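Reading through the structure tokens given below for one structure.
The values are calculated or read from the model by the stated rules, or taken from the named source; none is laboratory data. As the structure is a computational prediction, the values presented were derived from the model and not from experiment. Every residue, glycine as well, gets a Cβ built from its backbone with ideal geometry; the counts of neighbours run over all protein chains shown.
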Amino acid sequence: MANVLFISETFLKDNTLLHENIDFKYLRPVVLMCQDIHIQHKIGTTLYNELKTQITNSTLTAANTTLLEDYIQPSLLYWVQAEAPTAISYKFLNKGVHQQSSENSSNASLDEINFISKRYKDKAEWYTERLVTFLLENESDYPAYANPDDGLDTIQPDTRTYTTGMFLGRRPKFISLEDKYEYKRK
């Protein structure tokens, strides 16, 4: 059950800018990783495993079909596009890490790859926010979300959707100019 995909290769390639000639063996690990890290983190392990079981057994409920098709899949599409550029561009070979190249095109620089990934990450976070909001609004339809298991290996649903690059800490509050001057001298 560990390798259940929430999106198919056809769905992924039909609904993204990923070219059809990309071998799915390079995308499959990215899809699984995005599901495990980004989707499971937001819906929790209990609902995540429920969806995997229902997909495996072809017993998706109407509520879970709506959740999967209208919220999880759009979010997952953009997470895959945010994570795929690095996986597609660089390969681990026995002689080290190599960047793929072609005779008819030029490789994107690492800065360009990071720029593209960031753009898709922004979109993925927006779709993930829709997913979380939908689940919060419809908690009664998703008891596995509202009442997740509480084992140590269970990821609890996280309702925070946007991330930032760094935390700068709190700025000190100064009562007087002398205090500010003393702080700068330290």
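Here are some notes:
- Hey, residue 68 crowded, with 17+ Cβ neighbours inside 10 Å, modelled with pLDDT of 95 or more and over 16 Å from the mean Cα position of the chain (by Cα) or not: no
- Filter pass, residue 133 being of a type in the set (S, T, N, Q), at pLDDT 90 or above and loosely packed, with under 14 Cβ neighbours inside 10 Å: yes
- Taking the criterion of being of a type outside the set (S, T, N, Q) and either in contact (Cβ under 8 Å) with a residue 12 or more places away in the chain or in a loop (DSSP other than H, G, I, E, B) (or both), the residues of the stretch 1-14 that qualify are 1, 2, 4, 5, 6, 7, 9, 11, 12.
- Candidates 122, 141: the one that is among the charged types (D, E, K, R) and touching a residue at least 60 places away in the same chain (Cβ under 8 Å) is 141.
- Residue in the stretch 4-26 that is within 17 Å of residue 131 (Cβ to Cβ) and hydroxyl-bearing (Ser, Thr, Tyr) present: no
- Among the conditions (1) under 14 Å from residue 77 (Cβ atoms); (2) in contact (Cβ under 8 Å) with a residue 24 or more places away in the chain; (3) not in a loop (DSSP other than H, G, I, E, B), residue 17 misses just one, which is (3).
- Top-ranked residue of the stretch 10-21 - restricted to ones that are farther than 21 Å from residue 57 by Cβ and surrounded by 15 or more Cβ atoms within 10 Å (Cβ to Cβ), ranked as modelled with the lowest pLDDT: 18
- Of residues in the stretch 127-152 being assigned to a helix (DSSP H, G or I) and of a type in the set (Gly, Ala, Ser), the one farthest from residue 47 (Cα to Cα): 140
- Checking each residue of the stretch 108-126 against the condition of being of a type in the set (Ser, Thr, Tyr), part of a loop (DSSP other than H, G, I, E, B) and either touching a Lys or Arg at 6+ places or on another chain (Cβ under 6 Å) or at pLDDT 75 or above (or both) gives at least one match.
- Residue in the stretch 71-82 that is out of contact with any Phe, Trp or Tyr (no Cβ under 8 Å at 6 or more places or on another chain), within 22 Å of residue 140 (Cα to Cα) and in a helix (DSSP H, G or I) present: no
- Residue within the stretch 27-39 that is buried (at least 16 other Cβ atoms within 10 Å of the Cβ), modelled with pLDDT of 95 or more, within 21 Å of residue 141 (Cα to Cα) and out of contact with any strand residue (DSSP E or B) (no Cβ under 8 Å at 6 or more places or on another chain) present: yes
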